[in-house]
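The values are calculated or read from the model by the stated rules, or taken from the named source; none is laboratory data. Just so we're clear, the structure is a prediction, and the values are computed from it rather than from any experiment. Virtual Cβ from ideal backbone geometry, glycine too; neighbours counted across all protein chains shown. Each accessible area value is taken on the protein alone, full model and side chains, heavy atoms only, with ligands, DNA and RNA left out. Shrake-Rupley method; radii C 1.70, N 1.55, O 1.52, S 1.80 Å.
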Amino acid sequence: MKNISLLIIAVLISILGCCRQGEKVSIVSSPSDKIDIKFFLSETGSPVYTVSYNDELIIDSSGMSFEFQDQLPLNNNLKVYEILRESVSEEWEMPWGEQRMVLNEYNEMIVKIQETEAPKRKFNIYFKAYDDGIGFRYEFLSQKEVDTIIIMEENTEFNLTGNHDCWWIPGDWDIYEHLYNDTKVTDIDAISKRNHYGLAQTYIPYNAVNTPVTMRTEKGLHISFHEANLTDYAGMTLKVDKENLALSSVLVGSERLGYKVKRELPFFTPWRTIQISEDAAGLIESNLIVNLNEPNKLGNVSWFTPMKYMGIWWEMHIGTKSWDLKSGKHGATTENAKKLIDFASKNDIKGLLIEGWNTGWEHWIGFEDREGVFDFVTPYPDYNIDEVVAYAKDRGVEIIMHHETSAAPRTYDKQLDTAFALMNKFGMSSVKTGYVGKIIPKGEYHHGQWMVNHYRKVIETAATYNVAVNAHEPIKATGIRRTYPNVISREGLRGQEFNAWAMDGGNPPNHIANVAFTRMLAGPIDFTPGVFDIKLPTKENNQINTTIAHQLALYVVIYSPIQMACDLPENYEGNCAFDFIKDVGVDWEQTKVLNGEVGDFVTIAREERSTGNWFLGSITDENSRDIIINFSFLEPGISYEAMVYKDAANSHWNDNPTEYDLEELVITNDMEKTFHLAEGGGLAISILKYPKN
Ligand code: NOJ
Ligand code: CA
């Protein structure tokens, strides 16, 4: 393990009083000089920035301003009174992650600004230029006789320089569970492209997208817009002005409170980020989002270890079991739990999620008055929690706690301490939370400041109990896992569950080829891969729209420190493909994105931390294709024993999804090999350095 090194290359250089309105342009360039951010004040004294890549503009002159309650907007008559600069090159270690060491290298420019007229308010803009993109944020400073400010809107603009190809989901204040659309910017139509079924969603009346939103320019440059360190602030959507090829921030609001953000002065906003890469693969390898977050505040989190897990879960989604005791087909019984524990233990799967164990489910979906309904400590009578936990412990399996809040966060908040104390009593180190439905109180949204603060409180409270959190229906990932490494994973996309019940036929074959270059840039995903019974016999109009080899590849393509083997034991039993799930790692020394195009295909290889084994996953959309894999990422001079799980000659996501071929290979780092992926297919390879006998 390398030592963390911190190298401040240049100290602060202060340039005082040199900037006259409308004239002076200040520049900060990335360490390799490829990316430039320019800042200047317009003739009327309003802030403007541009971004270029290899001297070509990618963000044209874009404004930055705010509207407040009880204060004049902050958007003109400004002067720059000081500029500070700093360069940083350091490495930090991920306690678990896609890689062990992360290089955090950037040049920063802090622009200090003041109004030229009364009330002469001051604020700062921080710009950071990295080689994989840029970030900027605002700092609101103390004001005389003002403790708190209320932001009615933030107007950060991103003016594009072309009608790029764009991968987007509609702006939604409640849910990110939409299918990705692939259109030109001028064809973004977020209002008619809403395709969420079943859970809460918010139809915002204007054409906006959620972030991350990814684009490809005509010249093939890839850019993705998002935010980092979303703390005590509202989530950002981006409103699309198709005529002017412009995006501008629209914060998620609160109809209950009538504003977007309320903060005590002074404070920082989240970072507004643009990841930039010449190829699509580079977007996935970018560490911009975590780098723009604060270092680990929790110290040693070895009480959580990355793991694979199974669950009393899929049976509920395919309808053969229910969360609800009164349904007559209750899934979370002591007996079922023991069966699953036996299977997990036999197959070296460390975790077992049990949903529907606690009282309240009889009032779940469709029940309006959800406040006070769920209880996070009382098991249903057919589930003996003491017995299940003891049985699991004896067999080396850990029970994963489940807290469905039904979007009644105040009910959950009240029980946080007792709920986490119960987990401590049973030695449970992680919880899956859920927020299905419209938020109570009415007028609050999943992605507004009030909920951002709720999600954070859960994380901070959980941390004091050594509990790790995997939130479903979450706020988007913005790299907070760096600061709070008990934030292990989250949903925040259309997960596997949609294949079981979505009325639109589920996730299409290209879903993860879209997700890998959009949602996954934000952080780990609890997608719950691994369905082998692809055609879902109990669900007439639903199926998985991929081959089995594609399902296997997802364990490598999708990053998460927890990965579910979501299918039922009987569908794994006796199927050799399950060996890949048993073998595949969940915690990585390094990650290489070998190739990919947004929405089409992607191949990722990851080296397991503890063993030096590599695992490779490749997926394609609805088109079959040949993928050339160059194994030069392997250590030279070593013969690796590989097991290849690949689509059979006539595999097809719809016509023949369950057939796959196995191939044993000896692989060395000077090899290159072509593999065929079927329509909706995939490829998974375990490349073992010290093979088991
Ligand atoms: C939605 C979640 O995404 C799913 O995983 C869970 O089973 C249900 N809510 C119930 O909490
Ligand atoms: Ca969900």
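Does any residue in region 475-493 that is more than 15 Å from ligand 2 (Cβ to nearest atom) come within less than 8 Å, Cβ to Cβ, of a residue that is among the basic types (Lys, Arg) six or more places away or on a different chain, and which pairs are these?
ILE480/ARG456; THR483/LYS297; TYR484/LYS297; VAL487/ARG481; ILE488/ARG481
Hey, any hits in region 501-510 for a residue that's away from ligand 1 (no atom under 13 Å from the Cβ) and assigned to a helix (DSSP H, G or I)?
Checked against the condition, which is being away from ligand 1 (no atom under 13 Å from the Cβ) and assigned to a helix (DSSP H, G or I), region 501-510 yields no hits at all.
So, LYS673, is that one modelled with pLDDT of 95 or more and surrounded by fewer than 17 Cβ atoms within 10 Å (Cβ to Cβ) or not?
Yes.
Can you tell me which residues in region 511-529 are assigned to a loop (DSSP other than H, G, I, E, B) and closer than 21 Å to THR433 by Cα?
ALA522, GLY523, PRO524, ILE525, ASP526, PHE527, THR528, PRO529
If you take just the strands (runs of 3 or more DSSP E) that sit entirely in region 233-301, which of them hold at least 1 residues that are within 18 Å of the chain's Cα centre (by Cα) and under 24 Å from ILE35 (Cα atoms)?
It comes to 236-241, 271-277.
Before we move on, is ILE149 touching a Cys at 6+ places or on another chain (Cβ under 7 Å), away from ligand 2 (no atom under 16 Å from the Cβ), of a type outside the set (Gly, Ala, Ser) and at pLDDT 95 or above?
Considered against the rule, which asks whether it is touching a Cys at 6+ places or on another chain (Cβ under 7 Å), away from ligand 2 (no atom under 16 Å from the Cβ), of a type outside the set (Gly, Ala, Ser) and at pLDDT 95 or above, ILE149 comes out as no.
Within region 466-493, work out how many residues are of a type outside the set (D, E, K, R), outside any loop (DSSP other than H, G, I, E, B) and within 16 Å of ligand 1 (Cβ to nearest atom).
So the count comes out to 5.
Collect the residues in region 427-480 that are over 23 Å from HIS363 (Cβ atoms) and of a type in the set (D, E, K, R), keeping them in residue-number order.
ARG456, LYS457, GLU460, LYS476
Given the criterion among the acidic types (Asp, Glu), within 16 Å of ligand 2 (Cβ to nearest atom) and out of contact with any Asp or Glu (no Cβ under 6 Å at 6 or more places or on another chain), identify the matching residue among GLU444, GLU355, GLU368.
After applying the criteria, what remains is GLU355.
Here's the yes/no breakdown for (1) crowded, with 21+ Cβ neighbours inside 10 Å; (2) more than 16 Å from ligand 2 (Cβ to nearest atom); (3) within 18 Å of the chain's Cα centre (by Cα); (4) modelled with pLDDT under 95:
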position: GLU153; (1), (2), (3), (4): no, yes, no, no
position: PHE158; (1), (2), (3), (4): yes, yes, no, no
position: TRP167; (1), (2), (3), (4): yes, yes, yes, no
position: GLU177; (1), (2), (3), (4): yes, no, yes, yes
position: ASP182; (1), (2), (3), (4): no, yes, no, no
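Cβ contacts < 8 Å: first residue farther than 23 Å from PRO636 by Cβ, restricted to region 664-693; second residue open to solvent by 40 Å² or more (accessible area, probe 1.4 Å) and hydroxyl-bearing (Ser, Thr, Tyr), any location; separation 6+ or different chain. Result?
Between residues of region 664-693 that are farther than 23 Å from PRO636 by Cβ and residues that are open to solvent by 40 Å² or more (accessible area, probe 1.4 Å) and hydroxyl-bearing (Ser, Thr, Tyr), the close pairs are HIS676/SER624; LEU677/SER624; ALA678/SER624; GLU679/SER624; GLY681/SER624.
Filter region 247-270 down to residues that are hydrophobic (A, V, I, L, M, F, W, C) and in contact with an Asp or Glu (Cβ under 6 Å, 6 or more places away or on another chain) and give me whichever is most open to solvent (accessible area, probe 1.4 Å).
PHE268
Among residues belonging to region 338-352 that are assigned to a helix (DSSP H, G or I) and free of Cβ contacts under 8 Å to residues at least 60 places away in the same chain, point out the one that is surrounded by the fewest Cβ atoms within 10 Å (Cβ to Cβ).
The qualifying residue surrounded by the fewest Cβ atoms within 10 Å (Cβ to Cβ) is LYS346.
Checking SER5 against (1) modelled with pLDDT of 95 or more; (2) of a type in the set (S, T, N, Q); (3) farther than 29 Å from GLU153 by Cα, only one condition comes out false. Which one?
(1)
Out of GLU387, GLU285, GLU355, which single residue is under 27 Å from PRO524 (Cβ atoms), touching a Ser or Thr at 6+ places or on another chain (Cβ under 8 Å) and either within 16 Å of ligand 1 (Cβ to nearest atom) or open to solvent by 40 Å² or more (accessible area, probe 1.4 Å) (or both)?
Criteria check complete, one pass: GLU285.
Can you tell me which residue in region 316-329 is nearest to ligand 2 (Cβ to nearest atom), limited to those that are open to solvent by less than 30 Å² (accessible area, probe 1.4 Å) and in contact with a Ser or Thr (Cβ under 9 Å, 6 or more places away or on another chain)?
Step by step, filter region 316-329, then rank; the result is MET316.
Suppose we keep only residues that are assigned to a helix (DSSP H, G or I) and within 16 Å of ligand 2 (Cβ to nearest atom) within region 447-458. Which one would you say is farthest from PHE304 (Cα to Cα)?
Among those residues, the one meeting the criterion is MET451.
THR320: within 16 Å of ligand 1 (Cβ to nearest atom) and part of a loop (DSSP other than H, G, I, E, B), yes or no?
Taking the combined requirement at face value, the residue satisfies it.
Can you pull out the residues in region 562-577 that are open to solvent by less than 10 Å² (accessible area, probe 1.4 Å) and closer than 15 Å to MET310 by Cβ?
Result: ILE562, GLN563, MET564, ALA565, CYS566, ASP567, TYR572.
Could you look through region 608-649, keep only residues that are touching a Leu at 6+ places or on another chain (Cβ under 7 Å), touching a residue at least 60 places away in the same chain (Cβ under 8 Å) and of a type in the set (S, T, N, Q), and pick out the one that is farthest from PRO509 (Cα to Cα)?
Among residues in region 608-649 that are touching a Leu at 6+ places or on another chain (Cβ under 7 Å), touching a residue at least 60 places away in the same chain (Cβ under 8 Å) and of a type in the set (S, T, N, Q), the one farthest from PRO509 (Cα to Cα) is ASN613.
Tally time: how many residues in region 428-446 are in a loop (DSSP other than H, G, I, E, B), within 16 Å of ligand 1 (Cβ to nearest atom) and crowded, with 24+ Cβ neighbours inside 10 Å?
Qualifying residue count, region 428-446: 3.
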